[in-house]
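Working notes, beginning with the structure itself.
The values are calculated or read from the model by the stated rules, or taken from the named source; none is laboratory data. Please read all numbers here as calculations on a predicted model, not as lab measurements. No Cβ is skipped: glycine too gets one built from the backbone with ideal geometry, and neighbour counts run over all protein chains shown. What goes into the accessible areas is simple: the full protein's heavy atoms, side chains included, and nothing from ligands, DNA or RNA. Shrake-Rupley method; radii C 1.70, N 1.55, O 1.52, S 1.80 Å.
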Amino acid sequence: MAKCSFRYFALFLLLFSALWAKGNGLPSGEDLLLSADAAVEILSEMAPWPTNSAIVALSGRDKLVPNEMTGWQPSVAEFSQALTLSKLPEARQNELLEIYRRAETNFLAFTEARDDYNYRRYWANYGYYEPPPKPRMGIMEFPPDMPEEFLFLLDGLQHFYNDEVETARERWERLEALPLNRKTYCAKWGRVLMAESYADKDPYRALRELEKLRNEIIKSPARDEKLTACLLRFEAADYAAVTNYPQAMNCYFALNLLGFRHEEMVRHIANLILRLEGADLAVAARSRAVAAMTTWHAATFYSDLRLLSLSAEDAEHIKNWLRALKREGSLGGAADLAAVAAYRVGDGEMTAEALDSARAMAPFAAWILAKTKLRSGDPKGAASDLATVFYSFKDLPESLRQEIGHELALLYLSFKNYKEALKVTLLSGDWQEASYVAEDVLSLGELEEFVKGREREADNKRREAGLEARLRYLLARRLARSGSLSGALPYFPKLQRAFAEQLLASQAMGANTGLSAEERGLARADAARALYYGGEPIYAAENEPDYLINEGREAVGGLWQRQLRSRRGSQLAPLSDDEDKRVQSNRPSETARERCLKLAVDEVWQAAELLPDNSQALAELFCEAGKWTENCDEKTARALYDALVERCPDTKLGNSARELRWFPQED
């Protein structure tokens, strides 16, 4: 399979450029290139690549119709149709349908685990995680009366996911050997997966097999769009692996016609364009639309202050691209973004030249001028210029606003100007960064003063919306952890405020000497149960150790903090000893789960002092608290057991505990 000729590639790019030149003209560099949405608009207007109608024909349509494609295996509906054609009893069909749904759930769960593995493996390169173990998929045993084509397809796929390639191929060969009337739904899926199984060691063989199947799909009267999308994704990756970048782009264009229209697709194409050489690269650089999209990708995919390093290969590709823009006279059309890209690959001469071509005080130009001050050893001057861009340009694209906000926050943190760092992160809309400053860096008094100051500046509507509400909730939890639950009440959301008020009311009843001892003890027991079963939302940390920011999962919640910690020794925005000490001092030493258990057990002991011996309420409380602690605090559990048998020997629970020498298991 030869590469597409330069002549046809040039024809495509010229057609593409012409489409975007008509109308009101191409938007200016900063308007088009900084926004992923604007770059996506480029794809939405793309014409088919004229030389490869065989691939583009896979879309089977002239107009763009959004479409979602998920999963590789045939759908549950198709499996249900296959069952309907079988002679199995209806009850057995329902059982098999449930097994298929369970298999689909397993595949989705493994896909999530694999994505998390890839995420952690990527960040492990920068020291944020230990290299993670590769996940394995649990192998399901499929019943022999499942329709054979589905059995062979899915069994092969789960072995393929576990790198057991030979076993997977054996299953798919058995699928291919079935009579035609017994492989209605899965035959082509099996062939696609079989072909792709050769991609790692023999990508040319994989491409030959995929091309055969593609030609069959084109001739078929009925086209499966999920299958088509899967085939095109494989072909695109395999063509890129053998450095046939024009053909890989062609597959991505065809995918676009099937409805894949998002930032990742734009970046795939732009990344391939960066790898072009010679005449192909020159044609790409001459097209204003292609130059805009590709320079946007080169400029916005990396950031030096986030401490992510470009590989030498990537940096060289970007330098080649910028030189091509200059040779073809296209530098001025994307000068702002070209300056960013040049700055990031350390090409000072090209940075200066691009800045000269940029419009005066365009956001990118001003931004890069500020960054050059930073690299030249003037961080305060850089912060001043960045602040000017951040606050003066009201219509900054969201991605640029967040980038500048991130850099300003880092600089303000290095200057120990912590409140200003929090203000900037909130204005840039980045809660992950704002939560780090609010929870780990500012003292509790500083945070409360900051929130009260914003309340004086804002109306109730803004306070209850977006990041303002999240900041108030974070403050409430910090106050609660400090022991000031009553002081936290005004800052809690309604649901958590109601819970905290009820907890405080139970504790107040327990301390009310005007009530009987038993009434006070029952109130303390209520408080204990409330803390154990529902207290975490009023004590949990947004970041470490609870990661409420990411529903308890550490992967995202701790990344920003690790990035900041990795600033030690950085010349751009170093981590100060003061900030480091604040983080160590402010970060909770125990999880919210551990805190709530400890507080709940304290309430249990206070209730026990007030409840009478041999009362059912006391026996139930000791037994329940014992179950809370038996698997995590053996010493406390033993003390609760001893109290149960000593103080409640005449109760059913106390008698059972004595016989069992531990807590009874019944509710």
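Go through region 582-601 and give me each residue that's open to solvent by 30 Å² or more (accessible area, probe 1.4 Å) and assigned to a helix (DSSP H, G or I). Steps first, answer last, please.
Applying the first criterion (open to solvent by 30 Å² or more (accessible area, probe 1.4 Å)) to region 582-601 yields 582, 584-587, 589-591, 593-595, 598-599.
The answer is 582, 584, 585, 586, 593, 594, 595, 598, 599.
Is it fair to say residue 649 is more than 30 Å from residue 480 (Cβ to Cβ), outside any helix (DSSP H, G or I) and out of contact with any helix residue (DSSP H, G or I) (no Cβ under 6 Å at 6 or more places or on another chain)? Considered against the rule, which asks whether it is more than 30 Å from residue 480 (Cβ to Cβ), outside any helix (DSSP H, G or I) and out of contact with any helix residue (DSSP H, G or I) (no Cβ under 6 Å at 6 or more places or on another chain), residue 649 comes out as yes.
The residues of region 308-345 include none that are hydroxyl-bearing (Ser, Thr, Tyr) and modelled with pLDDT of 85 or more.
Selection of first residues in region 101-120 that are among the acidic types (Asp, Glu) and of second residues that are part of a helix (DSSP H, G or I), restricted to Cβ pairs under 8 Å at least 6 apart or on distinct chains, gives the following pairs, ordered by first then second residue: 104/76; 116/555.
Meeting the requirement of 1 or more residues that are of a type outside the set (Lys, Arg) and either over 22 Å from residue 501 (Cβ atoms) or modelled with pLDDT of 95 or more (or both), the helices (runs of 4 or more DSSP H) wholly within region 432-488 are 444-457, 466-481, 485-488.
Pairs are defined by a Cβ separation below 8 Å, a sequence spacing of at least 6 or placement on different chains, a first member in region 126-137 that is within 20 Å of residue 107 (Cα to Cα) and at pLDDT 80 or above, and a second member that is open to solvent by less than 30 Å² (accessible area, probe 1.4 Å) and in a loop (DSSP other than H, G, I, E, B); the pairs so defined are 136/162; 137/162.
Identify, from the list 157, 96, the residue that is touching a residue at least 60 places away in the same chain (Cβ under 8 Å) and either crowded, with 18+ Cβ neighbours inside 10 Å or farther than 24 Å from residue 84 by Cα (or both).
157
If you go through region 186-234 and keep only what is without any contact (Cβ under 8 Å) to a residue 40 or more places away in the chain and β-branched (Val, Ile, Thr), you end up with nothing. Whether a residue is crowded, with 17+ Cβ neighbours inside 10 Å, of a type in the set (Gly, Ala, Ser) and in contact with a Gly (Cβ under 8 Å, 6 or more places away or on another chain) was assessed, and residue 365 does not pass this test. Looking for whichever is farther than 30 Å from residue 87 by Cα, surrounded by fewer than 18 Cβ atoms within 10 Å (Cβ to Cβ) and in contact (Cβ under 8 Å) with a residue 60 or more places away in the chain here; the options are 279, 241, 254. Which one fits? None of the other options fit; the residue is 279. Filtered by the rule that a residue be open to solvent by 10 Å² or more (accessible area, probe 1.4 Å), in contact (Cβ under 8 Å) with a residue 12 or more places away in the chain and either among the polar types (S, T, N, Q) or in a loop (DSSP other than H, G, I, E, B) (or both), region 652-667 gives a lone residue, 662.
Return yes or no: is residue 531 assigned to a helix (DSSP H, G or I) and over 22 Å from residue 627 (Cβ atoms)? The answer is no for residue 531.
Scan region 393-412 for residues that are open to solvent by 10 Å² or more (accessible area, probe 1.4 Å) and more than 9 Å from residue 424 (Cβ to Cβ) and the total you get is 10.
Among the residues making up region 130-155, those that are part of a loop (DSSP other than H, G, I, E, B) and within 29 Å of the chain's Cα centre (by Cα) are 130, 131, 132, 133, 134, 135, 136, 137, 138, 139, 140.
In the condition set (1) open to solvent by 50 Å² or more (accessible area, probe 1.4 Å); (2) of a type outside the set (Val, Ile, Thr); (3) under 30 Å from residue 319 (Cβ atoms), residue 390 is compliant with all but (1).
Put simply, of 370, 383 the only residue that is of a type in the set (A, V, I, L, M, F, W, C) and closer than 30 Å to residue 288 by Cβ is 370.
Restricting region 188-226 to residues that are part of a helix (DSSP H, G or I), open to solvent by 10 Å² or more (accessible area, probe 1.4 Å) and closer than 17 Å to residue 152 by Cβ leaves a set whose member that is modelled with the lowest pLDDT is 188.
State whether one or more residues within region 45-54 are buried (at least 17 other Cβ atoms within 10 Å of the Cβ), under 30 Å from residue 219 (Cα atoms), at pLDDT below 50 and under 20 Å from the mean Cα position of the chain (by Cα). No, region 45-54 contains no residue that is buried (at least 17 other Cβ atoms within 10 Å of the Cβ), under 30 Å from residue 219 (Cα atoms), at pLDDT below 50 and under 20 Å from the mean Cα position of the chain (by Cα).
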